Amino acid sequence: MSLRIAGMGWVTPLGRGVQPVWERLVAGEEASAQSIADGPEGKKYPFFPVPSAELKSLPPHPRLRRASAISRFAAAAGLDALEEARSTTLAATREHAKAFDFANSQNRRAQGIGMERIALVFAVSNGGVVYTKRFYEDIAESGAQSASPLLFPETVFNAPASHLAAILGITGASYTVVGDGAVGILAMKMADDLMTNEELDFCLVVGAEEADWLLCDAYRKWRLLKTQPPIEPFRHPPRGMILSEGAGAILLGRDGPIAANEIHAGANFSQRKEASKRIIRILSDLAGGRSEILIASANGTFVDLAEKNAVSREMPGATIYSLKPALGESVGASAIWQVIAAAQSLRTKRLPPLLHVDPEDAGGVSFASGKEASASTAIVLSCGLNQQVAALRLSI
Amino acid sequence: MSIFNASHGKTKNARVAVVAAGIVSPLGFGLTETLQALRGGQDCVGRVTRFDVEQCRCKTAGQIADERLLEHRPSGRKAKRLHRASQMMICALHEALAQDMRFKPELTVIGTTSGGMSFGQDYYRAVHRHGSLRHSPSWIANYPPQKPVIDAQEAVGISAPCQVIANACASGTNAIGHAFECVRSAKYERVLAGGYDALSELVFVGFDSLQAATPEKCRPFDRDRTGMVLGEGAAILALENLDRAKSRGARIWAEITGYGVSTDNFHLTQPDPSGSGARQAMEHALARAAIPVQAIDYINAHGTATSFNDAVEGKAIAELFDQVPVSSTKGMMGHSLGAAGAIEAIFCLLALENQFLPPNINFRTGDEDVDLNVVANESRAAKIEIVLSNSFGFGGTNASIVMQKFAA
């Protein structure tokens, strides 16, 4: 029996909410970049921030009082996914509808609805980097005695997951999974493994990331970051990516219109030139040729060529789309965003146009042009920048 | 191998064997050194030498000597750039797979809390203090938490997909527990599990700032306990479907029979004072193993020696069990965070294999509020068949596993 998507939540630089963000993407819109400056020379880098207005409606909770941006993004996306499940997919199931009434958690507790039957898997790459940097800054500049006991707990990778579990009242399994851009799919795989346990009804998979100057600087030193937008996917030679931030949440259950029926366990590559081989093997395992849509992780780096080579071989007729020219590279959140885009493409029979791509770079693949995309399956492929690759197939 | 979700809807409940193990910790390199130090109750905590601790309350930790890590480092230019965490993982994985060369994992599940954190610190200092950035690409590439796992796999010539769990101090036990569930469900036949963490200034100062770290000896469950000390290390266990392991003649060290997990939403850094989170994790592990509380012969406690943890864990143990022998082994080597659960699982394996109870060193006076049968200061010979190991972490993550001596 396949896992199914029961609800989704999306917090991006282009707005909050699955439907509004999707409509803007389909209309060919892209997020606005801003500059952040820091460091001794005040060096500036562009990034795509989440507009602060998008989180204004987040209900107050003691756990969010001091929490960093990543925790807020995750809370918003998680609540939205559960709200969608409550109001749509699961509305027919009275008990589940009550279970996801998070606006009224006291009511839920009073009815004895067991939140141990929902697991949380939280995907993250860089984690709470803003507070981590601030915490270490104090130590480096003023010594250990200046270290803040309030900041330190927020630097721990699982702090955002802990806040989200507390807000939602989840008392059973909660896992934070770390990795590169592919981590969202690895988290989906972990959820798939967890859901083998019939004591679980649902698993909420969340991917989140926050951007910071230090991250931009590090990626720049690693020759992966551009100094000016836009991200130009599949360009040869690659010109680099731009970081973004936000969160995505997917509630997996056993009912719902979209099935996640094949989630690959993934693979590792030790050198960049090996990435394409790993992708080919994964697409071959997924029988890629049977899917018409591929949501790629192309972000203007070495990843693009690796993906293009693999897709032209394993999925020659497929249409490729990448969110990253429109939304930026959100690393730990990015693969979950891709899954949301894949689910939306199946639901709405539309695929947004791939922005800033040069048709001459197609070389045997077909780029999304914004036309109708009437497919019954879609593959999500994520090749990270730090040696991990993973993919999954959705179907409707 | 089933790389997809083929077994949904089926509950096969395969038995899960531990067929190999590897460890590096302040207690030693490998199982033999570890057993000797564990049985002897060796105190391997000393003054921190890796960074300046002058301004910290706590000045000690359990550390692994760099010289010994270098002895085990693979040759080549790339190996020189590896983080210490990678070197530890290589040692542990090498030892485990040397015991069973035919073990080819389908999945690797590893716990950690901080990955290659010290490289992040180096990068920050270089950028903000106009330091040399000559090594920065190497720091950045070797900083991510999955890197030591991939490095270790490469060093021993395997490549399995990795799931890296960062559930704070429960990470190692969560990794073993999740790997156990993967094999038990019959979705996988062979999974590597474990944990690692290397000491870093940021984390050390963090615990010091919380006043969770002690300037004195680490005395778990003692009335006069004053806090934890940190440690470091790596440990790996090879888990396999027991029937398959038997059929290929693999050595079976023990069985893992239960895993329990709970999330305690009381506070980001403090457990629920009622002990409900810890208790639920232990109860779920026992239920999964389908055994009564009386079946447990020994508990390797989380036992950090902080006032909160030991009071809450002690209360939960005392309420659930009747005077079962309990020890925390953290007094010997400190708290190795993401590695702790995996290291302590190997301590349990050694205890089952050699029929002794590991000691809770630096213990002076029992806590009248916590009625526990502490294995005080010296190891004890004992007939033990089934043991339980606890790990509890920041964020309210609680995990327990049940391990059992294998009866052929």
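Rg/Rh for the range B:144-244 (Cα atoms only, Rh after Kirkwood) is 1.08. Write down Rg/Rh for chain A, rounded to two decimals, with Rg from the C-alpha atoms and Rh from the Kirkwood relation over Cα pairs. Over the Cα atoms of chain A, Rg/Rh equals 0.96. Taking Lys and Arg as +1 and Asp and Glu as -1, the other residues whose beta-carbon sits under 12 Å from that of A:G17 total -3. Adding -39500 (n - 2.57) for every DSSP H run of four residues or longer, then dividing by how many residues chain A holds, sets the calculated 222 nm ellipticity at -9500 deg cm²/dmol.
So if a site counts as exposed when it's one of the GluC sites (Glu not before Pro), its DSSP state isn't H, G, I, E or B, and it has at most 10 other Cβ atoms within 10 Å, what's the longest stretch of chain B without one?
Values: sites that count: B:E54, B:E368.
Free of exposed loop sites, the longest segment is B:55-367.
Grouping the Cα pair distances of the protein assembly as shown into 10 Å bins from zero gives a pair-distance distribution of 3, 15, 26, 27, 19, 8, 2, 0 percent in increasing distance order.
Quick one: which of A:K273/A:K308; A:K44/A:K226; B:K80/B:K104; A:K349/A:K371; B:K104/B:K246 span more than 19 angstrom between C-alpha atoms? Write out the running numbers ahead of the final one.
Details: A:K273/A:K308 13 Å; A:K44/A:K226 11 Å; B:K80/B:K104 27 Å; A:K349/A:K371 9 Å; B:K104/B:K246 15 Å.
From A:K273/A:K308; A:K44/A:K226; B:K80/B:K104; A:K349/A:K371; B:K104/B:K246, over 19 Å: B:K80/B:K104.
Placing unit charges on the Cβ atoms of the charged side chains and taking the dipole of the protein assembly as shown about its Cα centre, the candidate lying farthest along the positive direction among B:L242, B:S276, B:A198 is B:L242.
What residue among A:S142, A:G253, A:F157 has its Cα farthest toward the positive end of the dipole of the range A:123-264, where the charges are +1 on Lys, Arg and -1 on Asp, Glu, each on the Cβ? Towards the positive end, the residue furthest out is A:S142. Based on every Cα atom in the range B:313-369, Rg and the maximum pairwise Cα distance Dmax equal 12.5, 33 Å.
For the range B:91-102, the Karplus equation 6.51 cos²θ - 1.76 cosθ + 1.60, evaluated at θ = phi - 60°, returns couplings of 4, 5, 5, 4, 5, 4, 6, 5, 6, 8, 5, 8 Hz by residue, with Gly and Pro reported as x. Mean sequence separation of contacting Cα pairs (under 8 Å, at least six apart), scaled by the length of chain A, corresponds to a relative contact order of 23 percent.
Provide the net charge surrounding A:I5, with neighbours chosen by a C-beta distance below 12 Å and charges set as Lys +1, Arg +1, Asp -1, Glu -1. Present the calculation step by step, with values, prior to reporting the outcome.
Working: positive: A:R4, A:R254, A:R347; negative: A:E84, A:D255.
Neighbour charge sum, excluding A:I5 itself: +1.
Residues in the range A:12-26 carry Karplus couplings, in order, of 9, x, 9, x, 10, x, 4, 5, x, 5, 4, 4, 5, 5, 5 Hz; the curve used is 6.51 cos²θ - 1.76 cosθ + 1.60 with θ = phi - 60°, and Gly or Pro positions show x.
In this structure the amide hydrogen of B:F406, modeled in the peptide plane, comes within under 5 Å of the amide hydrogens of B:E255, none closer than 5 places in sequence on its chain.
The share of Cα pairs per 20 Å bin across the range B:17-405, counted from zero up to the longest distance, runs 32, 60, 9, 0 percent.
Can you list the residues, at least 5 places off or on another chain, whose amide H is less than 5 Å from the amide H of B:F221, using H built in the peptide plane? Placed amide hydrogens put B:A305 under 5 Å from B:F221.
Counting other Cβ atoms within 10 Å of each Cβ, which trypsin sites (Lys or Arg not before Pro) in the range B:25-126 have at most 11 and sit in a DSSP loop? Each step should come with its number before you reach the end.
Details: sites: B:R39, B:R47, B:R50, B:R57, B:K59, B:R68, B:R77, B:K78, B:K80, B:R81, B:R84, B:R102, B:R125; in loops: B:R50, B:R57, B:K59, B:R81, B:R102.
Sparse-neighbourhood loop trypsin sites (Lys or Arg not before Pro): B:R102.
Shape analysis of the range A:302-396 yields a ratio of the Cα radius of gyration to the Kirkwood radius, Rg/Rh, of 0.92. Between the alpha-carbon centers of the range A:250-325 and the range B:292-320, tell me the distance in whole angstrom. Taking the Cα centre of the range B:292-320 as reference, the centre of the range A:250-325 is 46 Å away. Charge tally around B:V324: other residues with Cβ under 15 Å, Lys/Arg +1 each, Asp/Glu -1 each, net -3. Pairs of Cα atoms nearer than 8 Å and 6+ residues apart set the relative contact order; for chain B it is 24 percent. Note that the range A:29-46 has calculated 3J(HN,Hα) couplings of 7, 9, 6, 8, 7, 10, 9, 10, 10, 6, x, x, 9, x, 4, 10, 9, x Hz, one per residue in order, obtained from phi through the Karplus relation 6.51 cos²θ - 1.76 cosθ + 1.60 (θ = phi - 60°); glycine and proline are x.
For A:L252, nonlocal amide neighbours, meaning residues 5 or more places apart or on other chains whose placed amide H falls under 5 Å from its own, are A:A6, A:C203, A:L204, A:V205.
What's the center-to-center distance, using Cα atoms, between the range A:168-229 and the range A:358-377 in Å? Measuring centre to centre over Cα atoms gives 27 Å. Of all the options A:D138, A:D201, A:D255, the one that moves most in a Gaussian network model of chain A with Cα springs shorter than 10 angstrom is A:D138. Relative to one another, the C-alpha centroids of the range B:17-74 and the range B:197-247 are positioned 11 Å apart.
Relative to the Cα centre, what is the charge dipole magnitude of the range B:305-377, using +1 at the beta carbon of each Lys and Arg, -1 at the beta carbon of each Asp and Glu, and rounding to the nearest 20 debye? Display every interim value, and only then the final one.
Details: 3 positive and 10 negative charges, 64 e Å.
That gives a dipole near 300 debye.
The numbers here are math on the coordinates, done by the rules we state, and not lab data. Only a predicted model underlies this, so the values are computations on that prediction, with no experimental measurement involved. Here Cβ is always computed from backbone atoms with ideal geometry, including for glycine, and neighbour counts include all displayed protein chains.
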